[in-house]
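Right, one structure below, let's go through it.
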Amino acid sequence: MTSLPQTDQPPPGREAFSETHFAVRYWAERWGFSVKTVREWFRDEYGPGILRQRNSGRRSKRDYTTIMISASAAARVYAKRTVRELIH
């Protein structure tokens, strides 16, 4: 039986696991955009470094989802938002 070589690299997504995650408001303030805009950027973004917690069943009229974002996930989305084709 052949074993896989050992590396010092953590498995994919492991870095994001150990990172501090910040609320959407943190990134909005840091980047100078509204919370609504940054939440929209992350609406369809999934993967390592993005935590979602649905807050359903509350007494309010609608349900909410709390999104917590690591620095690596924020960098990934930031890179997408700063590509030349998006800037007119």
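The values are calculated or read from the model by the stated rules, or taken from the named source; none is laboratory data. Since the model is a prediction, treat every value here as computed from it, not as a measurement. Cβ coordinates were reconstructed from backbone atoms using ideal geometry, including for glycine residues, and neighbour counts include every protein chain displayed.
Kindly provide the set of residues from the range 38-65 that are more than 14 Å from the chain's Cα centre (by Cα), on the phi < 0 side of the Ramachandran plot and not in a strand (DSSP E or B), ordered by number.
Scanning the range 38-65 gives S56, R58, R59, S60, K61, R62, D63.
Tell me, please, whether a residue that is on the phi > 0 side of the Ramachandran plot, surrounded by 11 or more Cβ atoms within 10 Å (Cβ to Cβ), in a loop (DSSP other than H, G, I, E, B) and at pLDDT 90 or above can be found in the range 3-26.
There is no residue in the range 3-26 that is on the phi > 0 side of the Ramachandran plot, surrounded by 11 or more Cβ atoms within 10 Å (Cβ to Cβ), in a loop (DSSP other than H, G, I, E, B) and at pLDDT 90 or above.
Do you know which of the residues in the range 68-77 that are out of contact with any Leu (no Cβ under 7 Å at 6 or more places or on another chain) and assigned to a strand (DSSP E or B) is surrounded by the fewest Cβ atoms within 10 Å (Cβ to Cβ)?
S70
Please name all residue pairs, on different chains or six or more residues apart, with Cβ atoms under 9 Å, provided the first residue is in the range 22-33 and is farther than 14 Å from A75 by Cα and the second residue is not acidic (D, E) and not in a strand (DSSP E or B).
A23/V35; R25/V35; R25/V38; E29/V35; F33/W27; F33/W41
Can you pull out the residues in the range 39-74 that are of a type in the set (V, I, T) and over 19 Å from A16 (Cα atoms)?
T65
Give me the pairs: first residue in the range 75-88 and closer than 19 Å to A16 by Cβ, second residue at pLDDT 65 or above and surrounded by 10 or more Cβ atoms within 10 Å (Cβ to Cβ), beta-carbon distance under 6 Å, and six or more apart or on different chains, which are they?
Once the first residue is closer than 19 Å to A16 by Cβ and sits in the range 75-88, its partners that are at pLDDT 65 or above and surrounded by 10 or more Cβ atoms within 10 Å (Cβ to Cβ) give V77/W41; V77/E45.
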